[in-house]
Amino acid sequence: MIRGYAKSETPERSVQLYNEMVRAQTEHDAFTYSFVLNACAKARFLREGEQLHGRVLSMGLCANEFVETNLVNMYAMAGGDTGVIKARKVFDTMTQRNVVTWNSMLAMYLRLGCVDEARETFNVMPERNGVSWTTMIAGCVHSGKSRQALALYYQMWRARVEVDEVTMVATLSACAELGDLETGRWIHSYVDKTFGSTNQLKLVSLNNAIIHMYASSGVIEEAYRVFKKMKRRSIVSWTTVITGLAKQGRGSEALDVFRSMLSVGEGERVLPDEVTFLGVLCACSHTGMVNEGRHYFRYMTQMYGIEPRIEHYGCFVDLLSRAGLLDEAYELIGTMSLKPSEAVWGALLGGCRIHRNIKLASYVGDNLISELKPNEAAMGYFTLLSNAYASADRWVDVANIRQKMVEMGVKKPPGHSQIQVNGVIHYFVAGDWTHKDAYAIHEVVGEITMQTILELQFR
């Protein structure tokens, strides 16, 4: 029973049963402690785990490999300074360590965002299994180190370690982050070959990762094709397609998908969440559907009890501002229970620039600048305000804004871009000459520029 509850969704029952077992003075052994410690790890019961640790020491079971491994895992899952220190202490005193023990330490470091410590642990592991590699790959992706994640994936293949669906989900997330469409397509092909000739069902999360990879790379047709073939769909599946279509300017299709989701039968029905409605509002914004935007902004609260987050307000303000309804957008900001973010004010200022409402832009800008600090957010505000003045040919005001930027020490972050050529992703930063082919690239750009000038002259 203790073992069963330790693996269930209610691991605290395992601890309760153990306490009853102690009160009944029933004999227990190393297996009992292993299962209860596992339950404490799952339930994040640090205090109870520490008490069990004391009993393990008093019973002389501290040399048992399975008990020690579960102790490490319990402390590692608890996290915080106490958990990390005690997990490391137990780990360092172990006479025997198995791959599960090493994986617990690896996961702990990555969960805390300590990628360097995790990599050091990974490098010295005497044995690695698929879980070790997958944990490291997923940890790098979650820490924003997707290039390292892909490099590890290639190493995993070269080491002939078997990859599973969880590995591919993590790797596809890296592909989506980097825009590595070629590797993403290869993984998709591998998945189809592996599961296409069998009756096995792919994990919903794997299909979702494939859809996300295609949508992030701008290949929305392929993402939609995978979506339509899915035998099971989650809210993530629907939301990814809705958002992907919205970002490609296909708002009507995005709303059609949303309506289809709401009309799905009871057995497969999923309820929209706050992220789904963010995609819906994004679809309305990118295609100028003001009435639909108003409807869904109210609908998500009235029908589903979802209170707007700052991102929802940002989308709705952007929609109103693009449509020229600047007064309505400004009034909406004034009624917000949340403090307006740079995205919200930026959306309004962007609308002021498009529709040349310099009076409102100046009013918003003056109030904002007094609160700004010299950071990237401030840079965005200054740029939008400067562009609004420039669109109305108010060059003196543009110059004043530029001077204000200098006084506050605001600097524009360099622009950057990336491109994939023959399977290799190349990164470029404005003004950067460190790329090995920088001179050749600039030479080609110069030739293209000259050719364009000549063609314009002879038109």
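Scan segment 235-262 and report the pairs whose first residue is without any contact (Cβ under 8 Å) to a residue 60 or more places away in the chain and whose second residue is charged (D, E, K, R) and buried (at least 18 other Cβ atoms within 10 Å of the Cβ), with Cβ atoms within less than 8 Å and a gap of 6+ or a chain change.
Close Cβ pairs satisfying both conditions: Leu245/Glu253; Leu255/Glu292.
Taking only segment 20-64 into account, find how many residues are over 15 Å from Lys86 (Cβ atoms), not in a helix (DSSP H, G or I) and not small (Gly, Ala, Ser).
Looking only at that region, the number is 8.
I need a count of the residues in segment 336-368 that are surrounded by fewer than 22 Cβ atoms within 10 Å (Cβ to Cβ) and either β-branched (Val, Ile, Thr) or more than 21 Å from Asp397 (Cα to Cα) (or both).
10
Please find, among Glu68, Glu12, the residue that is among the charged types (D, E, K, R), at pLDDT 80 or above, closer than 17 Å to Val100 by Cα and in the same structural domain as Asn103 (by TED's automatic domain parsing).
That would be Glu68, the only listed residue that is among the charged types (D, E, K, R), at pLDDT 80 or above, closer than 17 Å to Val100 by Cα and in the same structural domain as Asn103 (by TED's automatic domain parsing).
Within segment 162-202, which residues are in a loop (DSSP other than H, G, I, E, B), surrounded by 16 or more Cβ atoms within 10 Å (Cβ to Cβ) and more than 15 Å from the chain's Cα centre (by Cα)?
Val163, Asp180, Lys202
Restricting attention to segment 248-268, does a residue exist that is under 26 Å from Asp180 (Cα atoms) and either loosely packed, with under 15 Cβ neighbours inside 10 Å or among the aliphatic types (A, V, I, L, M) (or both)?
Yes, the conditions are met somewhere in segment 248-268.
Return a yes/no flag: does segment 272-280 have any residue that is surrounded by fewer than 21 Cβ atoms within 10 Å (Cβ to Cβ), modelled with pLDDT under 95, under 27 Å from Val191 (Cβ atoms) and not acidic (Asp, Glu).
Within segment 272-280 (the criterion being surrounded by fewer than 21 Cβ atoms within 10 Å (Cβ to Cβ), modelled with pLDDT under 95, under 27 Å from Val191 (Cβ atoms) and not acidic (Asp, Glu)), the answer is no, since none of the residues qualifies.
Residues are listed down the side, and each one gets a yes or a no for (1) farther than 28 Å from Trp157 by Cα; (2) crowded, with 16+ Cβ neighbours inside 10 Å; (3) in contact (Cβ under 8 Å) with a residue 24 or more places away in the chain; (4) not hydroxyl-bearing (Ser, Thr, Tyr):
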position: Ala43; (1), (2), (3), (4): yes, yes, yes, yes
position: Gln51; (1), (2), (3), (4): yes, no, no, yes
position: Phe66; (1), (2), (3), (4): yes, yes, yes, yes
position: Leu71; (1), (2), (3), (4): yes, yes, yes, yes
position: Val100; (1), (2), (3), (4): no, yes, yes, yes
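Got a sec? Which of Ala323, Ala343 is farther than 26 Å from Val236 by Cα and at pLDDT below 95?
None of the other options fit; the residue is Ala323.
The values are calculated or read from the model by the stated rules, or taken from the named source; none is laboratory data. Please read all numbers here as calculations on a predicted model, not as lab measurements. Please note: Cβ atoms are built from the backbone with ideal geometry, for glycine as well, and neighbour counts cover all protein chains shown.
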